Amino acid sequence: GEDVEQSLFLSVREGDSSVINCTYTDSSSTYLYWYKQEPGAGLQLLTYIFSNMDMKQDQRLTVLLNKKDKHLSLRIADTQTGDSAIYFCAEIRGSTLGRLYFGRGTQLTVWP
Amino acid sequence: DTGVSQNPRHKITKRGQNVTFRCDPISEHNRLYWYRQTLGQGPEFLTYFQNEAQLEKSRLLSDRFSAERPKGSFSTLEIQRTEQGDSAMYLCASSPGTTQETQYFGPGTRLLVL
């Protein structure tokens, strides 16, 4: 399809792992990104992965990329209440020089 | 330099009025982007600059919208004759202009058109 797709909601208990999934659109996408947005704020870059990688780990964050299925996931280990936010997946498509295409975002709620 | 800044942070205006927003990118960043975000949606691309040149405009950018980056540093986004449908968060981002293209976002300007 034309749109980057994400499930809209995810709830986890504090201390558990969270996995947020994304399906992107362009098999020639070069970079894929995860951004975090807290209420009323701009977007904070969390991490990114280049298309020639399958996995990237950065402290509590693990990104997995399945190019065959055009599937991207973000795992947050030991999720904290401060991780409650909206998480956006975004892609740079091969033909469009730098503009980002975003999903609708996944609202992560962490319960104490 | 602590990041991308945007002013004002909030703007309330009446339908038909003109508004202008400003974005100051991270120093030395060559590329500057404008996005619009409505409630419950992800950001949507509006336009982008490489230095002072406006290289791409989305079809979302109607003729009531104009963006400038006159000296290749800060940028302004003007909306003329605002409509209620223009109510949204307007986000600015900048990137170094290298092949990696990671974009860093400002806090946004929230516009409400009454």
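The values are calculated or read from the model by the stated rules, or taken from the named source; none is laboratory data. Because the structure is a prediction, the values reported are computed rather than measured. Here Cβ is always computed from backbone atoms with ideal geometry, including for glycine, and neighbour counts include all displayed protein chains. For accessibility, only protein heavy atoms count, side chains too; no ligands or nucleic acids. Shrake-Rupley method; radii C 1.70, N 1.55, O 1.52, S 1.80 Å.
Annotations for the structure displayed:
- The condition of being within 27 Å of B:Leu32 (Cα to Cα) and open to solvent by 50 Å² or more (accessible area, probe 1.4 Å) holds for only one of A:Asp3, A:Asp54, A:Asp26, that being A:Asp3.
- Across region A:57-85, the qualifying residues are those that are touching a residue at least 40 places away in the same chain (Cβ under 8 Å), open to solvent by 50 Å² or more (accessible area, probe 1.4 Å) and not basic (Lys, Arg), and the one among them that is farthest from the other protein chains (Cβ to nearest Cβ) is A:Asp78.
- Of the candidates B:Leu55, B:Leu91, the single residue that is within 13 Å of A:Gly98 (Cα to Cα), within 14 Å of chain A (Cβ to nearest Cβ) and in contact with a strand residue (DSSP E or B) (Cβ under 8 Å, 6 or more places away or on another chain) is B:Leu55.
- Total residues in region B:91-103 satisfying the condition of being more than 15 Å from B:Ser73 (Cα to Cα) and either assigned to a strand (DSSP E or B) or modelled with pLDDT of 90 or more (or both): the figure is 2.
- Filter result for the condition that a residue is basic (Lys, Arg) and open to solvent by less than 40 Å² (accessible area, probe 1.4 Å), over B:Arg59, B:Arg31, B:Arg9, B:Arg81: B:Arg31
- Members of region A:64-112 found to be of a type outside the set (Gly, Ala, Ser), closer than 15 Å to A:Ser7 by Cβ and part of a loop (DSSP other than H, G, I, E, B), listed by number: A:Arg104
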